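Some notes on the structure that comes next.
The values are calculated or read from the model by the stated rules, or taken from the named source; none is laboratory data. The structure presented is a predicted model; accordingly, all values stated were derived computationally and were not measured. Note that we place each Cβ from the backbone using ideal geometry, even for glycine, and neighbour counts take in every protein chain shown. Side chains included, ligands, DNA and RNA excluded: accessible areas come from the protein's heavy atoms. Shrake-Rupley method; radii C 1.70, N 1.55, O 1.52, S 1.80 Å.
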Amino acid sequence: MTKILQNPSSPVLERAPRYRVMFLSVGQSPRTDIIDDMLTNLDLPIEALEVGALDGLSDAAINELRVRPGETSIVTRLADGSDIIVSKPRIAERMAKIAAAFQPNEFDLVVILSTGLFRDFESTCPMVNAQRAMESTVISLAAHGSAVGLIQPLQQQIDELDIPALAPYRVTASYAADGDKRLLASALVDLAETEIIILNSVSFTEADRQTVAKASGKPVVLARRIVASAIRLLLHGTHPAALPGVPPEFSEKFQRLTPRERQVLSLVAEGLSNKAVARQLGISPKTVEIHRSNVMSKMEVNSSNALIRMVVAAGHP
């Protein structure tokens with residue numbers, strides 16, 4: 001397990017309560033390339049801890065988790081910097097066991113740091129599931145009438161993409177590895193008819209987003225920013241300061257919410273049901289329903305999709 005302290009010398013952060021956040025990744029820790037970037041953009045007093053699903057495994061055990069014919073795949077990174085394609089269902093089961101072993105209130109937040117894991121993870125702590133957050137973002141944008149383009153990190157993931165809720169909408173997928181300008185340019189040819197592009201992996205960087213945005217002239221959504229927005233909203237559920245780095249209009253509306261309503265807003269924006277929100281926060285579904293109604297009223301939106309689009313816009317100024 002790796003511990004990372006963000007800006008420990010900052011006098012502002014020294015005075016503030018420090019949030020314990022556990023990042024659970026598919027590969028091996030540390031993934032400072034992703035986590036340090038998100039922590040810098042969050043500018044919150046966070047004590048970040050990390051565990052990878054492949055940590056502590058022998059080479060033989062890791063090889064056993066490689067994708068087999070007929071299995072869906074996910075690409076991740078080992079501690080030596082090399083990439084490995086593993087079985088999505090089997091690595092997801094391993095991650096679920098790790099998450100289930102966390103103790104109640106052990107962390108202020110648990111972050112599942114991977115897109116592509118189409119399952120829920122049981123947690124006694126508030127949780128951000130990167131895939132759920134991205135999925136709700138795609139659905140809300142597509143439901144608004146936008147033709148959405150997804151860039152996946154692996155070619156085979158185009159055929160493996162299966163989000164039933166997206167069936168009625170205009171969604172086109174292509175692929176490119178992070179940092180590969182040639183493949184990113186090739187993906188844009190496939191996505192020429194789309195109106196908004198989503199880099200659908202936390203491995204994509206801000207430099208990748210800028211490359212795609214400049215070449216396409218279209219809005220580009222970065223998975224890291226979606227995850228960071230969810231982290232920011234959940235942690236600010238108990239922190240009254242103004243949200244850093246977001247439009248004043250959103251921040252002003254956000255300040256109307258109670259601490260619990262702020263937490264409910266973030267989990268609703270991840271696409272969770274009232275029952276799932278209730279489990280994570282330790283309250284009843286009826287109480288969640290009341291909080292959810294108050295959130296909609298105070299944020300001046302009339303649907304969950306509109307709320308999600310507002311959160312996406314706030315995370316991509």
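Scan the range 169-183 and report the pairs whose first residue is modelled with pLDDT of 90 or more and of a type in the set (D, E) and whose second residue is assigned to a loop (DSSP other than H, G, I, E, B) and open to solvent by less than 40 Å² (accessible area, probe 1.4 Å), with Cβ atoms within less than 9 Å and a gap of 6+ or a chain change.
Pairs that qualify, where the first residue is modelled with pLDDT of 90 or more and of a type in the set (D, E) and the partner is assigned to a loop (DSSP other than H, G, I, E, B) and open to solvent by less than 40 Å² (accessible area, probe 1.4 Å), are D178/P153; D178/S201; D178/S203; D178/F204.
With closer than 30 Å to L44 by Cβ and either in contact with a helix residue (DSSP H, G or I) (Cβ under 8 Å, 6 or more places away or on another chain) or among the aliphatic types (A, V, I, L, M) (or both) as the only criterion, which of S203, S174 stands out? Talk me through it step by step, then tell me what you get.
Values: S174 fails: closer than 30 Å to L44 by Cβ.
Of the residues listed, the single one that is closer than 30 Å to L44 by Cβ and either in contact with a helix residue (DSSP H, G or I) (Cβ under 8 Å, 6 or more places away or on another chain) or among the aliphatic types (A, V, I, L, M) (or both) is S203.
For the range 168-184, does any single residue satisfy the condition of being closer than 25 Å to S266 by Cα and open to solvent by 60 Å² or more (accessible area, probe 1.4 Å)? Don't jump to the end; show me each part of the working.
If we filter the range 168-184 for residues that are closer than 25 Å to S266 by Cα, which is where we start, we get 169, 171.
Among the residues that remain, those that are also open to solvent by 60 Å² or more (accessible area, probe 1.4 Å) are: 169.
Checked the range 168-184: at least one residue is closer than 25 Å to S266 by Cα and open to solvent by 60 Å² or more (accessible area, probe 1.4 Å).
For the range 194-215, does any single residue satisfy the condition of being over 28 Å from D36 (Cβ atoms), at pLDDT 85 or above and touching a Gly at 6+ places or on another chain (Cβ under 9 Å)? Walk me through how you get there before you give the answer.
First, pick out the residues of the range 194-215 that are over 28 Å from D36 (Cβ atoms): 194-195.
With at pLDDT 85 or above added as a condition, the list becomes 194-195.
Among the residues that remain, those that are also touching a Gly at 6+ places or on another chain (Cβ under 9 Å) are: 194-195.
Scanning the range 194-215, I find at least one residue that is over 28 Å from D36 (Cβ atoms), at pLDDT 85 or above and touching a Gly at 6+ places or on another chain (Cβ under 9 Å), so the answer is yes.
Step by step: first the residues of the range 153-168, then only those that are of a type in the set (A, V, I, L, M) and in contact (Cβ under 8 Å) with a residue 12 or more places away in the chain, then the one that is nearest to N129 (Cα to Cα). Which residue is that? Spell out how you get there, then give the answer.
Start the filter on the range 153-168 by keeping residues that are of a type in the set (A, V, I, L, M), which leaves 154, 158, 161, 163, 165-167.
Remaining after also requiring in contact (Cβ under 8 Å) with a residue 12 or more places away in the chain: 154, 158, 161, 163, 165-166.
Values: L154: 20, I158: 21, L161: 17, I163: 15, A165: 17, L166: 18 Å.
The qualifying residue nearest to N129 (Cα to Cα) is I163.
Can you report the number of residues in the range 146-159 which are open to solvent by 40 Å² or more (accessible area, probe 1.4 Å) and more than 19 Å from A185 (Cβ to Cβ)? Spell out the reasoning first.
Within the range 146-159, the subset open to solvent by 40 Å² or more (accessible area, probe 1.4 Å) is 155-156, 158-159.
Checking the rest, the ones that are also more than 19 Å from A185 (Cβ to Cβ) come to 156, 159.
Counting residues in the range 146-159 that are open to solvent by 40 Å² or more (accessible area, probe 1.4 Å) and more than 19 Å from A185 (Cβ to Cβ) gives 2.
Consider D80 carefully, then state whether it is surrounded by fewer than 18 Cβ atoms within 10 Å (Cβ to Cβ) and over 26 Å from R225 (Cβ atoms). Break it down into steps so the answer makes sense when it comes.
Details: surrounded by fewer than 18 Cβ atoms within 10 Å (Cβ to Cβ): yes; over 26 Å from R225 (Cβ atoms): yes.
Criteria met by D80.
For residues that are of a type in the set (S, T, N, Q) and touching a residue at least 60 places away in the same chain (Cβ under 8 Å), tally how many sit in the range 267-288. Before you say what the answer is, go through the steps one by one.
Within the range 267-288, the subset of a type in the set (S, T, N, Q) is 273-274, 280, 284, 287.
Remaining after also requiring touching a residue at least 60 places away in the same chain (Cβ under 8 Å): 280.
Counting residues in the range 267-288 that are of a type in the set (S, T, N, Q) and touching a residue at least 60 places away in the same chain (Cβ under 8 Å) gives 1.
Could you tell me whether V246 is under 27 Å from I151 (Cα atoms), outside any helix (DSSP H, G or I) and at pLDDT below 80? Let's see the steps before the verdict.
On the way: under 27 Å from I151 (Cα atoms): yes; outside any helix (DSSP H, G or I): yes; at pLDDT below 80: yes.
Judged against the criteria, V246 is a match.
Name every residue in the range 186-236 that is among the small types (G, A, S) and surrounded by 21 or more Cβ atoms within 10 Å (Cβ to Cβ), in order of residue number.
In the first step, residues of the range 186-236 are kept if they are among the small types (G, A, S); the result is 186-187, 192, 201, 203, 207, 213, 215-217, 223, 228-230.
A187, S201, S203, A223, A228, S229, A230 - these are the residues of the range 186-236 that are among the small types (G, A, S) and surrounded by 21 or more Cβ atoms within 10 Å (Cβ to Cβ).
If I ask for residues that are charged (D, E, K, R) and more than 27 Å from A173 (Cα to Cα), which ones from the range 104-145 would you list? Before the answer, list the steps.
Filtering the range 104-145 down to residues charged (D, E, K, R) leaves 106, 108, 119-120, 122, 132, 135.
Within the range 104-145, E106, D108, E122 qualify.
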